[in-house]
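A.B. asks: This structure is in structure tokens; I'll ask about it shortly.
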Amino acid sequence: MVLATRSYSWNQSVLHTAKGFKPTTLPILAGAIPEGLRGSLYRNGPGRLERGGIQVGHWFDGDGAILGVHLQNSGATGVYRYVETAEFLDEERSGKLLYSGYGMLPPGGLFDRFTKGLKNAANTSVLAFSDRLLSLWEGGHPYALDLETLETQGSDNLGNLPDSLPFSAHPKRDPNTGDIYNFGVSFGKDTVLNLYCVDSSGKLKQRNSHKLDGFPLIHDFVMAGQYLLFFVSPVRLNPLPLLAKLKSFSESFDWKPEKGTQVLVFDRQTLNLISQGETDPWYQWHFGNACVDQDGNAVVDVIRYADFNTNEYLRQVATGTPTTSAKSTLWQIRVNPLTGKVLEQQELLDRHCEFPIVQPDQVGQSWQHTYLSLHRRGVNPVQEIFGAIARFDQSTGELIEADCGENRYPMEPIYAPDEIDPSQGWIITVVYDGNTDASEVWVWDCGRLNDPPVCRLGLPEVIPIGFHGTWKPAAL
């Protein structure tokens, strides 16, 4: 296969500095909003990657901006706002970058490096409750926003989460109880994995902790029936250059494949460790889903990388000209939860893909379809970002693709259940069209991704390509 080598237009979106917009009626560009699709799409990601002419150090360092798209009987409205964290407001007032981030040290001299702390970028994901939206980030507390206007209400401690404990960006909601499980890694003399259970109203009701080996990087975990599973990849932080303010977090992580990947299994009711094991080295940002099979083993879907080159690729995305190869594919891992032993590993899809999701009512349970982002066929995967989404059938291996077309880039697919027909679902995402330099909301029938979208909505501003989102049904 000959791969295209021309330049791509996705970087016009990534490098766009968002202005934001107040609640605005969105025009229907094609099709119609499905009658049973009522609720709100929320998406989070970096809205700006520079201040005062200085670029941030990594894509993960951009200021978080939330898009809300509300679908009602009267039509669609959209709103787009920055998350006004304390550090964001400081930098707004000064007109320049002041704080350190995942991939950068504070600009200025050595004194500035030791006096300015870490900025809560609030840019990774979102979690919706009935009374507020939480903007999530890896290294601190979430920020609460108004569900309709996205006005920032302030830092949220979920009732009684200590200030020193972070609340990470990939919580898992039990579809039966509404309870939410999450974690946060705290660094100090020891590195501690903090585990949380939050009730359906957003109040912390239980927490526990587990000491980790060294200083690993953990972005996501997975829920399988009564278990919570963590796969700790062999990425370790060298704390000395970080403490000396010579390197950022991103620059201080080392790939140590000799350590292998650690498997940690926790009981969901007590948050206590049940077992731990070790398997071969890989890195992952995201899991798709997991369940317990008829033999009592945990079956886990994960997007695997052979190494940690993905971190450098993502840093380069923020420059608009990536050059590092970092292929990831969909794998399934089978684990004995009582021993932590990996019983089986299988690559399910040999296509470069990411951002796997399942229906919300199947999280932690058996499932048939995984929705994910992937590259269009025939493109250069180093220079390009994902230009298609797809549905993978676990039973048959069938892949149904929605190729958005040349110079069009969908964000992570989000599954939205139909409120009228429980057998119907919709895939909704935001697409950047580099041909027109515009962003749109596209809606597909979840079973017909290879057909044109059933609805396209126009947005008044380019939405920089971001990370994660969620769907909040109107009834929630």
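A.B. asks: In the stretch 286-406, with Lys and Arg counted as +1 and Asp and Glu as -1 at Cβ, which of these residues, CYS291, THR319, ALA388, has the Cα nearest the positive end of the dipole, that is, farthest along it?
C.D. replies: THR319
A.B. asks: I would also like to ask the following. DSSP loop GluC sites (Glu not before Pro) in the stretch 346-400 with at most 11 other Cβ atoms within 10 Å of their Cβ, which ones? Show your work: numbers first, answer last.
C.D. replies: Working: sites: GLU347, GLU354, GLU384, GLU398; in loops: GLU384, GLU398.
Answer by residue number: GLU398.
A.B. asks: Could I ask something else about it? Over the stretch 162-319, what lengths in whole Å, largest first, do the semi-axes of the equivalent ellipsoid take, defined as the square roots of 5 times the eigenvalues of the alpha-carbon gyration tensor? Intermediate results must be reported in sequence, preceding the final value.
C.D. replies: Details: eigenvalues 141, 73, 46 Å².
In descending order, the three semi-axes are 27, 19, 15 Å.
A.B. asks: OK, next. Taking the Cα centre of the stretch 316-396 as the origin, how large is its charge dipole in debye, to the nearest 20, when only Lys and Arg (+1) and Asp and Glu (-1) carry charge on their Cβ atoms?
C.D. replies: For the stretch 316-396, the charge dipole is close to 100 debye.
A.B. asks: A follow-up question, please. With a 10 Å radius around each residue's Cβ, average the other Cβ atoms per peptide and rank 200-208, 136-144, 430-438, highest first.
C.D. replies: The densest-packed peptide leads the list: 136-144, 430-438, 200-208.
A.B. asks: Report the FRET efficiency, 1/(1 + (r/R0)^6), for LYS341 and VAL382, where r is their Cβ-Cβ distance and R0 is 30 Å, rounded to 0.05.
C.D. replies: 0.25
A.B. asks: Pick out, in residue order, every one of the trypsin sites (Lys or Arg not before Pro) in the stretch 93-129 that is DSSP loop and has at most 15 other C-beta atoms within 10 Å; say none if there are none. It would help to have the intermediate numbers written out before the result.
C.D. replies: Details: sites: ARG93, LYS96, ARG113, LYS116, LYS119; in loops: LYS96, LYS116, LYS119.
For trypsin sites (Lys or Arg not before Pro) across the stretch 93-129 that sit outside H, G, I, E and B with at most 15 neighbouring Cβ atoms in 10 Å, the list reads LYS96.
A.B. asks: Still on this model: Please give the per residue accessible area of the chain, computed with a probe of 1.4 Å over protein heavy atoms only, in Å².
C.D. replies: 39 Å²
A.B. asks: While we're here: For an R0 of 45 angstrom, estimate the FRET efficiency from the Cβ-Cβ distance between THR396 and TRP255 and round to the nearest 0.05.
C.D. replies: Here the calculated transfer efficiency is 0.80.
A.B. asks: Right, next: Got the relative contact order for the chain handy, in percent, Cα pairs under 8 Å and 6 or more residues apart?
C.D. replies: 17 percent
A.B. asks: Still on this structure, I have one more. Kindly provide the helix-only [θ] at 222 nm of the chain, computed as the sum of -39,500 (n - 2.57) over DSSP H runs of four or more divided by all residues, to the nearest 500 deg cm²/dmol? Please list the in-between numbers first.
C.D. replies: On the way: 6 runs with 37 residues, N = 476.
Computed ellipticity for the chain at 222 nm equals -2000 deg cm²/dmol.
A.B. asks: Over the stretch 281-408, what lengths in whole Å, largest first, do the semi-axes of the equivalent ellipsoid take, defined as the square roots of 5 times the eigenvalues of the alpha-carbon gyration tensor?
C.D. replies: Three semi-axes, in Å: 28, 18, 11.
A.B. asks: By accessible area of protein heavy atoms, probe 1.4 Å, what ranking do GLU91, GLU35 get, highest first?
C.D. replies: GLU35, GLU91
A.B. asks: Counting Lys and Arg as +1 and Asp and Glu as -1, each charge on the Cβ, what is the dipole of the chain about the Cα centre in debye, to the nearest 20?
C.D. replies: Working: 40 positive and 55 negative charges, 214 e Å.
With only Lys, Arg, Asp and Glu charged at Cβ, the dipole is about 1020 debye.
A.B. asks: Testing the spin-label approximation: label points 7 Å from Cα along Cα→Cβ at GLU92 and ASN176. State their distance in nm.
C.D. replies: 4.4 nm
A.B. asks: Out of the total accessible area of the chain (probe 1.4 Å, heavy atoms of protein only), what percent is carbon and sulfur?
C.D. replies: Of all accessible area on the chain, carbon and sulfur atoms account for 48 percent.
A.B. asks: Just the number: Rg to Rh for the chain, Cα atoms, Kirkwood Rh, two decimals.
C.D. replies: Numbers: Rg = 21.0 Å, Rh = 22.6 Å.
That ratio equals 0.93.
A.B. asks: Taking 0.36 nm per residue of separation and subtracting the Cα-Cα distance, what length does fully extending LYS211 through LEU246 add? If you can, show how the numbers build up before the last one.
C.D. replies: Working: separation 35, 0.36 × 35 = 12.60 nm, distance 2.66 nm.
Fully extending the segment from LYS211 to LEU246 adds 9.9 nm.
A.B. asks: Give me the net charge of SER74's neighbourhood, meaning all other residues with Cβ under 15 Å from the Cβ of SER74; Lys, Arg count +1, Asp, Glu -1.
C.D. replies: Net of charged neighbours comes to -1.
A.B. asks: Next question, about the same structure. How much length would be gained if the chain were fully extended between PHE114 and ASP421, taking 0.36 nm per residue of separation minus their Cα-Cα distance, in nm to one decimal?
C.D. replies: Extra length from PHE114 to ASP421 when fully extended: 104.8 nm.
A.B. asks: Also, quick follow-up: Residue separation times 0.36 nm, minus the C-alpha to C-alpha distance between THR270 and THR436: what's the value? Before the final figure, lay out the partial values.
C.D. replies: Numbers: separation 166, 0.36 × 166 = 59.76 nm, distance 5.26 nm.
This chain segment gains 54.5 nm when fully extended.
A.B. asks: Right, next: Net charge near ARG456: determine it from the other residues with C-beta under 14 Å of the C-beta of ARG456, scoring Lys and Arg +1 and Asp and Glu -1.
C.D. replies: In short, -3.
A.B. asks: Right, something else. Suppose every Lys and Arg Cβ carries +1 and every Asp and Glu Cβ carries -1, with no other charges. What dipole size does the stretch 72-142 come out with about its Cα centre, to the nearest 20 debye?
C.D. replies: Numbers: 7 positive and 8 negative charges, 19 e Å.
The calculated dipole for the stretch 72-142 is roughly 100 debye.
A.B. asks: Please give me, ordered by residue number, the trypsin sites (Lys or Arg not before Pro) of the stretch 367-474 that lie in loop per DSSP and have at most 13 other Cβ atoms within 10 Å.
C.D. replies: Values: sites: ARG376, ARG377, ARG391, ARG408, ARG448, ARG456; in loops: ARG376, ARG377, ARG448.
Those that pass, being in a loop and sparsely packed, are ARG377.
A.B. asks: Still on this structure, please answer the following. With a 1.4 Å probe and all protein chains kept in place, how much accessible area does HIS286 have, in Å² rounded to the nearest 10?
C.D. replies: HIS286 exposes around 10 Å² with every protein chain in place.
The values are calculated or read from the model by the stated rules, or taken from the named source; none is laboratory data. Please read all numbers here as calculations on a predicted model, not as lab measurements. Counting neighbours? That spans all protein chains shown, and the Cβs are built from the backbone with ideal geometry, glycine included. For accessibility, only protein heavy atoms count, side chains too; no ligands or nucleic acids. Shrake-Rupley method; radii C 1.70, N 1.55, O 1.52, S 1.80 Å.
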